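Visitor: Take this structure first; my questions come after.
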């Protein structure tokens, strides 16, 4: 079917749906029922073409769209094409439905497939801090304190010297010797 034939066929559908909606907005309940029936058929075709892999869900989406059209019918402007207004609503509802479906499916994914979820633990950093504290406690104060203040807390050599009462050169030597001692302890434990 070529585009000019489609637009020729679409024009009567547009005109009929628009006339029914306008009559229904003026209080004609029979016109509103006819509008909803015709619109339902139009929407099913629209959705079946786009959601060929979700044919079981088409009716649910049609109902969502009809409800949105019903709730928003007062926002329709008579000087604009009705099918464009309805298709905009349909696209939003279709997108919402697909997002919701994707979220539901994600909740039902078995955890066995995602074992890497458990590969990293929040406990690891805490365990590392505890292990480091245990190793640092084995060092003399003149090595432990410089490492704690300079390397772990980020204080300068001068600030650490002032805080501990050691000279700046003693702080530098303490860091150097302390790190060397920690490395030996780690190698001995490994």
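Laboratory data are not the source of any read-out in this text; all were calculated from the coordinates shown. Just so it is clear, the structure is predicted and the values come from calculations on it, not from any experiment. FYI the Cβ positions are ideal-geometry reconstructions off the backbone, even for glycines, and counts take in every protein chain you see.
Visitor: If you rank 176, 53 by fewest surrounding Cβ atoms within 10 Å, what's the result?
Guide: Values: 176 13, 53 7.
The order, fewest Cβ neighbours first, is 53, 176.
Visitor: Continuing with the same structure: For the range 24-57 and the range 58-91, what is the separation of their C-alpha centers, rounded to whole Å?
Guide: 9 Å
Visitor: Then there's this: Using 0.36 nm per residue, how much length does the chain from residue 95 to residue 77 gain when fully extended, once their Cα-Cα distance is taken away? Numbers along the way, then the final one.
Guide: Numbers: separation 18, 0.36 × 18 = 6.48 nm, distance 2.37 nm.
My answer for the length gained is 4.1 nm.
Visitor: Using only Cα atoms, what Kirkwood radius does the range 3-111 have, in angstroms?
Guide: Values: mean 1/r = 0.0663 Å⁻¹.
Final number for the Kirkwood radius of the range 3-111 is 15.1 Å.
Visitor: Write down the Kirkwood hydrodynamic radius of the range 132-190, to one decimal in angstroms, obtained as one divided by the mean of 1/r over all alpha carbon pairs.
Guide: That comes to 11.3 Å for the range 132-190.
Visitor: Could you list 139, 152 so that the one with the fewest beta carbons within 10 Å of its beta carbon is first and the one with the most is last?
Guide: On the way: 139 20, 152 12.
Result, fewest neighbours first: 152, 139.
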